[in-house]
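Asks: Here it is: the structure, laid out below.
The values are calculated or read from the model by the stated rules, or taken from the named source; none is laboratory data. Model, not experiment: these values are computed from the prediction. Positions of Cβ are generated from backbone atoms using ideal geometry, with glycine treated the same way; all protein chains shown enter the neighbour counts.
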Amino acid sequence: MCNYTSTVDQAYTITWTFRPLDMDAVSTVMTSTHHGHQKFSSLTPEPEKYHDLQGPNLRVFDLSLSDAGLYACSSNLTRPTLGANLMVMGKSFSVFLSFNVA
């Protein structure tokens, strides 16, 4: 989770991107907008695959080998982009990605 909610009560956007392993193409997998008072709305091109019902967190469902790669989040209020590589091995399952920004 890109966690800005504890200090900001204005509207802002958090964008989650994905770059597949060993590829240069980056795609936006989810955009969450904070509307104030801890209320979020999220848009994703694949709602069955990428979603979370409680804010700007990214949950990836039904993982497959093609889901391996770099997932990153950024906000229009801050400059640093946080990311983590996800390695997929074995059977299908779901994963929860969360990043906290100090």
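Asks: What strands (runs of 3 or more DSSP E) lie completely within the range 11-53 and have 1 or more residues being in contact (Cβ under 8 Å) with a residue 40 or more places away in the chain and within 19 Å of LEU86 (Cα to Cα)?
Replies: It comes to 12-20, 27-34.
Asks: Sort out which residues of the range 1-21 are modelled with pLDDT of 80 or more and in contact with a Cys (Cβ under 9 Å, 6 or more places away or on another chain), and write them in order of number.
Replies: If the condition is that a residue be modelled with pLDDT of 80 or more and in contact with a Cys (Cβ under 9 Å, 6 or more places away or on another chain), then ILE14, THR15, TRP16, THR17 are the ones that fit.
Asks: Limited to the range 40-68, what total is found for residues that are buried (at least 19 other Cβ atoms within 10 Å of the Cβ) and either basic (Lys, Arg) or within 21 Å of MET89 (Cα to Cα) (or both)?
Replies: 4
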